[in-house]
Amino acid sequence: MAVDTSNDGLRVPFGLRQGRLYPPQGTERGLACECVCPGCGSALIANQGERKRPYFSHHQSRECLGGYESAVHLMAKQIIDDRRYIVIPEFRHSIGKKMPTGDVLSEEIVVPGRRLEFVDVRLEQTVDGLRPDVIGVTSDGIEILIEVYVTHAVTGDKRERFAKKNLVELDLSMLPQDLVTNEQLFAEEVLSEASREWISCQLYREEIKAAHQTLHEKVKRFITEHRAGVEQAKIERQQRRLAEQAAEKRKVEIESRKSRLREQYSRQLEQLQTQTSDQQRQEPRLDSGTLQAIAQRLRRDELPAALAHEQNGDWIFRVHRTVWQAFIYERFIQGNSRNSLRANDVKRAVVREFGLVEWIAELIKLKHKQKIQGCNRGQWYGKKGVWFFTDAENRMIPSPYLLVLNYLKRLAREGLLTLEHRGGDSFTVKFDSFSALDGYRAEQAEKARLVELEGENAALELRKPVRAEPEWQRLAEIERRKKYTEDNEKRIAHLLALVNSLFVKKGVKDVKRCNHCSHFQELTDGDSCKECNCSKLWDIELTSSYLETLPHRLRCLPLFPPMGAGRREHG
């Protein structure tokens, strides 16, 4: 405790008179207080001025520092003796036991602090050769030894001697002087608020005994569970060892079975290896007579490159690739405008027409069967194929379906077909012959040429000097454009009414639209436009989405037929 030792500091907070301590304001003024210093025994003067707080001072001797400690010490004991109770501190105690596994099991006892009443209080009474400051006795005869710590804490000797007693240390070492001189606040600090701790405690032996019993049960349970865990781990290790042995045995059996099954297809696998080698591959030949016959049927001097589309594995059919590709073209495309076809149906037709090489057909059939079996069983080989073949061997077995599908995609890239859905295998015939495709390409090239020529002409016109347009000519142009816009809207209204009449009144869904004047007519109205006699008609399906967008479509299309035969006036 850092005590103020200046002349203005409070040296002695309490004076001793006839065995009791009093504060300076609780006595007579001056020497009439009849108090002496608790430290040195010298007479004290009670100073009770109006400007300064009341204080004691020594009468004819120097101020002693020991007076503060003695006064605080004695006053604390006096308060406990007067009030006959004290708040004892919280009790904490931990016990633990280390297991052979290295784990530490523990139990903790926590008892909150509480007020303890005394039926008797004894001061400075000798116990076991030592004198504690206060001994409080409870109604059930329990003694609580209290040591007041102002400048000196409990010594090691007392800790050892009172180890089996109930000893509390009350710490008043850090109390400020203003609090000490306040009689009420100082009493509260002594009785309940100041820091305090158990030096030794025997009050809670039953709780400690119960904690030991709980820890003992916990240790027993831990040992039992540990032994059970060790035994279970031993059983599991044995089971794993047996499972590994069974798995190894199963693996050997599978490898043996795989070898026996592979042996049955050794000849086919050797042929497959030969066919996938570029140096030794054997393919069906295409003689000149067959080639000429195909060209004649198609009425072409040279066969298109699309009928000689080479793929890995296209040798599996019993004819040259050009033969089965020409078959697909003639059977499903030529003369079948807007026909829909599926790759799997085309594949079946090709296999029925030409067949597969016998030995590869065995492997293809085996792979297909194994994939179905694997899928049904949820096994890994449901996606790969024959489980007793290697992944490389499964990949080497060609798929007739994929060969046909890839060929149809090639025709779609050429422009003959349209793939209906990305990633699907359904196609629609866009052009029913190579001639029609060639004509379309020539038409597109001519349009591009005309656009390019128009651009060049426009550039030349821009280079010409601009002449001022007469006012009458500008007004006439405005009137012409206005008249064209009005006629265009009337024409659109007429065509919308026509389509509505066909779709709603007659229930017609499939119609033809003139590529020249956009006139709509039924399929039974002939192959030329009834408005302008144009022979270029497009087949149109009147779907709900098409009808919704029809006004916008018409504004982007040519609407008026040229003057001449077959033209009708429009309202």
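The values are calculated or read from the model by the stated rules, or taken from the named source; none is laboratory data. On a predicted model such as this, the values are computed, not experimentally measured, just so you know. Here Cβ is always computed from backbone atoms with ideal geometry, including for glycine, and neighbour counts include all displayed protein chains.
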Matching residues in segment 499-530 (assigned to a loop (DSSP other than H, G, I, E, B), modelled with pLDDT under 85 and more than 18 Å from Cys556 (Cα to Cα)) number 6
Answer yes or no: is there a residue in segment 421-434 that is part of a loop (DSSP other than H, G, I, E, B), in contact with a helix residue (DSSP H, G or I) (Cβ under 9 Å, 6 or more places away or on another chain) and within 26 Å of Cys556 (Cβ to Cβ). yes
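Just one of Thr276, Thr290 is touching a Gly at 6+ places or on another chain (Cβ under 9 Å) and modelled with pLDDT under 90; which is it? Walk me through it before giving the result.
On the way: Thr290 fails: touching a Gly at 6+ places or on another chain (Cβ under 9 Å).
It is Thr276.
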Residues that are surrounded by 11 or more Cβ atoms within 10 Å (Cβ to Cβ) and part of a strand (DSSP E or B), drawn from segment 531-547: Leu537, Asp539, Ile540
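With respect to Phe56, is the statement that it is over 19 Å from Val150 (Cβ atoms) and either without any contact (Cβ under 8 Å) to a residue 40 or more places away in the chain or surrounded by 12 or more Cβ atoms within 10 Å (Cβ to Cβ) (or both) true?
Taking the combined requirement at face value, the residue does not satisfy it.
So which of Ala163, Ala153, Ala246 ends up being under 44 Å from the mean Cα position of the chain (by Cα) and either more than 22 Å from Pro132 (Cβ to Cβ) or outside any helix (DSSP H, G or I) (or both)?
Values: Ala163 fails: under 44 Å from the mean Cα position of the chain (by Cα); Ala153 fails: under 44 Å from the mean Cα position of the chain (by Cα).
Ala246 is the lone residue from the list that is under 44 Å from the mean Cα position of the chain (by Cα) and either more than 22 Å from Pro132 (Cβ to Cβ) or outside any helix (DSSP H, G or I) (or both).
Each row is one residue, and each column tells you yes or no for (1) over 41 Å from the mean Cα position of the chain (by Cα); (2) surrounded by fewer than 10 Cβ atoms within 10 Å (Cβ to Cβ); (3) among the basic types (Lys, Arg); (4) under 19 Å from Arg321 (Cα atoms).
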position: Asn406; (1), (2), (3), (4): no, no, no, yes
position: Lys409; (1), (2), (3), (4): no, no, yes, yes
position: Glu414; (1), (2), (3), (4): yes, no, no, yes
position: Thr418; (1), (2), (3), (4): no, no, no, no
position: Phe431; (1), (2), (3), (4): yes, no, no, no
Tally the residues that are more than 19 Å from Gln78 (Cα to Cα) and touching a Pro at 6+ places or on another chain (Cβ under 9 Å), restricting the search to segment 34-44. 1
Unmet criterion (only one of (1) within 17 Å of Thr418 (Cα to Cα); (2) in contact (Cβ under 8 Å) with a residue 40 or more places away in the chain; (3) of a type in the set (Asp, Glu)) for Glu362: (1)
Within the bounds of segment 118-127, is there any residue that is in contact with a Lys or Arg (Cβ under 6 Å, 6 or more places away or on another chain), assigned to a loop (DSSP other than H, G, I, E, B) and acidic (Asp, Glu)? yes
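Can you spot a residue in segment 477-492 that is touching a strand residue (DSSP E or B) at 6+ places or on another chain (Cβ under 8 Å) and either surrounded by 11 or more Cβ atoms within 10 Å (Cβ to Cβ) or assigned to a helix (DSSP H, G or I) (or both)?
No: segment 477-492 contains no residue that is touching a strand residue (DSSP E or B) at 6+ places or on another chain (Cβ under 8 Å) and either surrounded by 11 or more Cβ atoms within 10 Å (Cβ to Cβ) or assigned to a helix (DSSP H, G or I) (or both).
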Single residue of segment 181-234 satisfying the filter (in contact with a helix residue (DSSP H, G or I) (Cβ under 7 Å, 6 or more places away or on another chain) and aliphatic (A, V, I, L, M)) that is surrounded by the most Cβ atoms within 10 Å (Cβ to Cβ): Val190
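Return a yes/no flag: does segment 62-81 have any residue that is more than 24 Å from Ser192 (Cβ to Cβ), modelled with pLDDT of 85 or more and assigned to a strand (DSSP E or B).
Within segment 62-81, the first condition is being more than 24 Å from Ser192 (Cβ to Cβ), and the residues that meet it are 62-67.
Next, only the ones that are modelled with pLDDT of 85 or more stay: 67.
Right, trim to assigned to a strand (DSSP E or B) and you get none.
Within segment 62-81 (the criterion being more than 24 Å from Ser192 (Cβ to Cβ), modelled with pLDDT of 85 or more and assigned to a strand (DSSP E or B)), the answer is no, since none of the residues qualifies.
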Check on Leu170, among the aliphatic types (A, V, I, L, M), part of a loop (DSSP other than H, G, I, E, B) and more than 46 Å from the chain's Cα centre (by Cα): no
Output yes when any residue across segment 223-235 is part of a helix (DSSP H, G or I) and touching a Phe, Trp or Tyr at 6+ places or on another chain (Cβ under 7 Å), and no when none is. no
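Which residue out of Ile109, Ile135 is within 30 Å of Gly229 (Cβ to Cβ), of a type in the set (A, V, I, L, M) and assigned to a strand (DSSP E or B)?
Numbers: Ile135 fails: within 30 Å of Gly229 (Cβ to Cβ).
After ruling out the rest, the residue left standing is Ile109.
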Based on what the data block shows, is Arg318 of a type outside the set (Asp, Glu) and surrounded by 15 or more Cβ atoms within 10 Å (Cβ to Cβ)? yes
Output yes when any residue across segment 372-381 is over 36 Å from the mean Cα position of the chain (by Cα) and either crowded, with 17+ Cβ neighbours inside 10 Å or within 15 Å of Gln325 (Cβ to Cβ) (or both), and no when none is. no
